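Undergrad: Before I ask anything, here is the structure I am working with.
The values are calculated or read from the model by the stated rules, or taken from the named source; none is laboratory data. Everything numeric here is computed off the predicted structure, so don't read it as measured data. For neighbour counting, all protein chains shown are included, and Cβ atoms are generated from backbone atoms with ideal geometry for every residue, glycine included.
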Amino acid sequence: MKEDHLRKIKESGIVAVVRQIDPDKVHHVIDAIVEGGVAGIEVTVDSEQAFDVIREAKKRLGDRAVVGAGTVLDGHAAYRAIESGAEFIFAPTLKRETLEVANRYGKIAIPGVFTPTEILQAYEWGADIVKIFPASVLGPKFIKDVRGPLGHIDMMPTGGVNVDNVGEFIQAGACAAGIGGSLLKKDLIQQEEYEQLKTLAQDFVKQVKQARS
């Protein structure tokens, strides 16, 4: 199951970071971006009713997408997220206990890293993918260069990735990208422009495919 979920995330190439969206709108937003081809849905645990949203999204989406938790800062939060049905644990930082909890329950572990040393440490502690964060500071060239000696470790840039540069990160060797505000645009959500969100999701997925071809 874990391997299936990993493959689905990598094939889509996009994990949408769903952060602090109105609970009345969040499932409409998630549905729109999944219909647009995004297969990874990360609900940040600092969002209102986050664990309920994870539980409900997983139930409604079935195998159409992989639903996980983000902004997971410790093992306790990881356990609560997994208890709610999260299939992956996304963290902004590298903390061993968070990885251990994810691994204990057979869930995908994606910790945040910033240096080659942290990338290797995360891998040795059981990370399935490392989250290069913030990607806006490091850029695609960092991933290309660090994949020289560490090419066996899957890397996912997050933070500052948008529809114009996502292809560059994929071409540099990223297995996927975490996308927040440049996909989940506040004005579109506020105006309930779900069809436009779907189109934007399609644009991101298209850029990933083009970068891989």
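Undergrad: Do we have any residue at all in region 82-104 that's small (G, A, S) and out of contact with any Lys or Arg (no Cβ under 9 Å at 6 or more places or on another chain)?
TA: Looking through region 82-104, at least one residue is small (G, A, S) and out of contact with any Lys or Arg (no Cβ under 9 Å at 6 or more places or on another chain).
Undergrad: Just to be sure before I move on: is I89 touching a residue at least 24 places away in the same chain (Cβ under 8 Å) and at negative phi in the structure I sent?
TA: So I89 does not fit the description; no.
Undergrad: Output the residues belonging to region 71-103 that are surrounded by fewer than 16 Cβ atoms within 10 Å (Cβ to Cβ) and either in contact with a Phe, Trp or Tyr (Cβ under 9 Å, 6 or more places away or on another chain) or within 20 Å of I14 (Cα to Cα) (or both). Don't jump to the end; show me each part of the working.
TA: At the first step, the residues of region 71-103 found to be surrounded by fewer than 16 Cβ atoms within 10 Å (Cβ to Cβ) are 73-74, 76, 83, 96-97, 100.
The answer is E83, R96, E100.
Undergrad: While we're here: Looking only at region 109-116, decide whether some residue is under 12 Å from the mean Cα position of the chain (by Cα), small (G, A, S), under 30 Å from K144 (Cβ atoms) and assigned to a strand (DSSP E or B).
TA: Scanning region 109-116 turns up at least one residue that is under 12 Å from the mean Cα position of the chain (by Cα), small (G, A, S), under 30 Å from K144 (Cβ atoms) and assigned to a strand (DSSP E or B).
Undergrad: Turning to a different aspect of this structure: Tell me, which residue of region 122-134 that is farther than 17 Å from K10 by Cβ and buried (at least 17 other Cβ atoms within 10 Å of the Cβ) is nearest to the chain's Cα centre (by Cα)?
TA: Ranking the qualifying residues of region 122-134, first place goes to F133.
Undergrad: Let me ask you something else. List, please: which pairs have Cβ atoms under 8 Å, are six or more places apart or on different chains, and start with a residue in region 119-139 that is among the small types (G, A, S) and end with one that is assigned to a helix (DSSP H, G or I)?
TA: Cβ pairs passing all conditions: A122/L99; G126/L99; G126/E100; G126/A102; G126/N103; A127/L99; A135/F169.
Undergrad: Moving on. Among all residue pairs at least 6 apart or on different chains, which show Cβ distances below 6 Å where the first residue, located in region 178-191, is at positive phi and the second is polar (S, T, N, Q)?
TA: Pairs found: none.
Undergrad: Pull out all pairs, ordered by first then second residue, where Cβ-Cβ is under 6 Å, the residues are six or more apart or on different chains, the first lies in region 16-40 and is touching a residue at least 12 places away in the same chain (Cβ under 8 Å) and of a type in the set (A, V, I, L, M), and the second is surrounded by 17 or more Cβ atoms within 10 Å (Cβ to Cβ) and assigned to a loop (DSSP other than H, G, I, E, B).
TA: Cβ pairs passing all conditions: A16/V38; A16/L183; V17/G180; V29/I21; V34/A65; A39/A65.
Undergrad: Return the pair list, or none, for Cβ contacts closer than 9 Å from residues in region 67-85 that are of a type in the set (D, E) to residues that are part of a helix (DSSP H, G or I) and at pLDDT 95 or above, at least 6 apart or on different chains.
TA: D74/E97; D74/T98; D74/V101; E83/F51
Undergrad: When you go through I189, I153, I170 one by one, which is the residue that is in a loop (DSSP other than H, G, I, E, B), buried (at least 17 other Cβ atoms within 10 Å of the Cβ) and among the β-branched types (V, I, T)?
TA: Just one listed residue meets the conditions, I153.
Undergrad: Just to check your reading of the model, which residue among G40, G13, G36 is among the small types (G, A, S), over 21 Å from A78 (Cα atoms), modelled with pLDDT of 95 or more and within 15 Å of the chain's Cα centre (by Cα)?
TA: None of the other options fit; the residue is G13.
Undergrad: If you don't mind, another one. So for region 137-145 (the condition being at negative phi, in contact with a Cys (Cβ under 9 Å, 6 or more places away or on another chain) and of a type in the set (A, V, I, L, M)), does at least one residue qualify?
TA: no
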